[in-house]
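Taken together, the values in this text are just the output of simple stated rules run on the coordinates, not laboratory data. Bear in mind the structure is a predicted one, so any value in this text is a computation, not a measurement. Methodologically, a virtual Cβ is constructed for each residue, glycine included, from the backbone with ideal geometry; neighbour enumeration extends over all protein chains shown.
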Ligand SMILES: Nc1ncnc2c1ncn2[C@@H]1O[C@H](COP(=O)(O)OP(=O)(O)OP(=O)(O)O)[C@@H](O)[C@H]1O
Ligand SMILES: [Mg+2]
């Protein structure tokens, strides 16, 4: 299959860039009543270091399902997911949780912030989960400063102590992005991050996200319905009925 | 780190959790309060059951032979043996004999006694002869003062006799605050010193009479009292009726109904004389330095030792001394068993309060887990393990138990210590008598706070809270994170 787009100068030289994420033969099915509904029919996908990949496809094609399998959130029926050389679904549960915590950043369509925490606390949540009480308390000041700096860069300097309910949709998504980036993971998975925002806000938020991706040289998969957004990515992979039909 | 932080945040941001905390608080507080009052009542009842018994009672079978010799009718040797034991604080002989009040000179009173249908016991009295070594007692401070004035020191030597052995005579010393015994006699050091005005050739011996008996018979101090009894006369080989007049020198009150209504104290030698010297003592009363610690052991030791020295019978056909050397608890075994039963039953019933509090926590946490599905999914996506999520919810119960338990313990303990004042205040404010002091024998609501119990109850609250939280926490850990993440 021919990639649809190869506009970025970074990926044009066929340099043997390190493979960050490699998925092979992913299948996934759901049981609905008596019937077994296969959603993914053996998906292969590779993502290189610093690569920005757009995952497109009609609704129900299985994009989110694939993303959850890749992010070690949803166990595939068959197939392997290798993240930085570690086979994510073959290691023990605790190790997998650690990989999710440190190596993968998630950005969801519906933000998914904890309503009881302030913006800053939400951003620090991955560190709270990943670090022991002692370590976190010892670095508390450092954490607060780093979290605040990140929020500031996302234009939320005045919103640190706001609860999610006190923030607009665009602001919430920016907090969620700061949270996903806080531990500086090598892989970022974004599932329609602008799907719930109006086009102007969405464009601004996406611009911020892509800028971070470039700055940090993140490997990123961006699920989107928007043709224009997909055009901005180095590589576009399109899915249909649980199969990759273009760009793989 | 996130577990304690988040659980606390969930707790404070959710007013419903207050219900769980309150449940624990009320449970712990009520348990401590009720158990303290219950313990107070039980201890008070224990005291009532004990009545005027001393720690250990030695009751040799006089006249029987033991270890090749006859058990003496004199208590001297037995007293020496008992006092030699270092666990003994005091030991004294007493002579107790049944008698009747036969007021033949005062027909009016005698008729009143005979006509009393309500209390057939009124006529009978337990006449108890005791040793009151007032002279020695009096000498003690005098010697001490003399020694001090000469720059020396006179150690207070315990006078080991009835004065120390039974609570009654402690009160004669007047240095035992809160002691329920009170004695109204002109001279507490010599309570039986008869008044000179008695006038006859041989001054009549003085007696102290129980307050209730004294009041019901409408007696006066200084009045004569005629007592009658029967004693065995070996010379005639028959029972003999004895009568003698005494002088009432004062009254006493123990708050033990039976005692106050039917006991008369007098000097042991006087009573022995009245009984025709057939008996000089019936029991030896022993007071231990630390009854709780030594009581049981001491009793066993004495059964053996006194039997070896031929001071008690203790043979095969005499129950190995079990009838002769007894702790007061063995004396009143049945009643104490009933009280202990009551306490255990009460404890079991009260534990249900904690179970109810546990159910509250269970309900609230179950609600919370359902409500927090999405959070569980988010935490899971951010790297939390199922075990971590389980601990997060268990921790909420932990905080419930900690806050509720500590507050409950403080409030319960305070309430138990101040229950009397609280009840008075409530009665005054609402005008209803909650605790009718006339119904009980106590003039206050008794309550005893036992730190061990408080600790156990708080611990119980923790166990209960965590146990009931285990199910919702386990459910939270098993939630499918995706279920929560996929949709808004
Ligand atoms: N838990 C589930 N049980 C049953 N079917 C499911 C479940 N989750 C997803 N599906 C089905 O799997 C298919 C793919 O879903 P998925 O969410 O991956 O699609 P998508 O490509 O992300 O669509 P969209 O663009 O609308 O987000 C859908 O048909 C959906 O109905
Ligand atoms: Mg989707």
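Any idea what % of Cα-Cα pairs in the range B:217-354 are farther than 17 Å? Can you show the working numbers first?
Values: 7252 of 9453 pairs.
Percentage above 17 Å: 77.
Taking the range A:148-184 and a reference point 7 angstrom along Cα→Cβ of residue B:371, the backbone N atoms nearer than 16 Å belong to A:165. Quarter the surface of the alpha carbon convex hull of the range B:365-488 and you get the mean projected area, 11.3 square nanometres. DSSP beta bridges fully contained in the range A:19-246 are about 55 percent antiparallel. Take every Cα pair under 8 Å whose residues are at least 6 apart in sequence, average their separation, divide by the length of chain A, and the relative contact order is 33 percent. Helix A:169-181 versus the longest principal axis of chain A: what angle, 0 to 90°, nearest 10, using Cα atoms? On a 0 to 90 degree scale, this one is about 80. What's the FRET efficiency of residue A:77 with residue B:387 using the Cβ-Cβ distance as r and R₀ = 25 Å, to the nearest 0.05? The pair residue A:77/residue B:387 has a calculated efficiency of 0.50.
With the simple model of a label 7 Å out from the Cα in the direction of the Cβ, residue B:242 to residue B:216 spans 2.5 nm. Taking a point 7 Å out from the Cα of residue A:161 in the direction of its Cβ, the residues of the range A:84-126 whose backbone N falls within less than 18 Å of it are A:116-124. The angle separating the long axis of helix A:93-103 from the principal Cα axis of greatest extent in chain A is about 70 degrees. According to the calculation over all Cα-Cα pairs in the range A:183-248, the P(r) per 5 Å bin from zero is 4, 14, 26, 26, 17, 10, 2 %.
Once the Cβ-Cβ distance of residue B:74 and residue B:278 is raised to the sixth power relative to R0 = 22 Å, the FRET efficiency obtained is 0.95. Rounded to the nearest 0.05, the FRET efficiency derived from the C-beta distance between residue B:19 and residue B:297 at R0 = 35 Å is 0.10.
Ellipsoid fit via the Cα gyration tensor, the range A:19-246: semi-axes of 29, 21, 16 Å, each the root of five times an eigenvalue, largest first.
How do A:112, A:162 line up, fewest other C-beta atoms within 10 Å first? Spell out each step's value before the answer.
Values: A:112 22, A:162 16.
Starting with the residue having the fewest Cβ neighbours, the order is A:162, A:112.
Taking the convex hull of the alpha carbon positions in the range A:37-115 and averaging its projected area over all directions gives 6.7 nm². Taking chain A as the reference, fit the longest principal axis to its C-alpha atoms, fit the long axis of helix A:199-216 to the helix C-alpha atoms, and give the angle between the two in degrees, 0 to 90, nearest 10. So the helix axis and the longest Cα principal axis differ by about 90 degrees.
Averaged over the residues of B:380-393, the number of partner chain Cβ atoms lying within 10 Å of the residue Cβ comes to 6.
Once fully extended, how much extra length lies between residue B:418 and residue B:9, figured as 0.36 nm per residue of separation less the alpha-carbon to alpha-carbon distance?
Details: separation 409, 0.36 × 409 = 147.24 nm, distance 3.54 nm.
Between residue B:418 and residue B:9, full extension yields 143.7 nm more.
Enumerate the residues in the range A:214-248 having an amide nitrogen under 19 Å from the point lying 7 Å beyond the Cα of residue A:27 toward its Cβ. Backbone N within reach: A:240-245. The distance between label points at residue B:85 and residue A:199 comes to 10.3 nm (points 7 Å beyond Cα on the Cα→Cβ vector). The label point for residue B:98 and the one for residue A:152, both projected 7 Å from the Cα toward the Cβ, are 9.9 nm apart.
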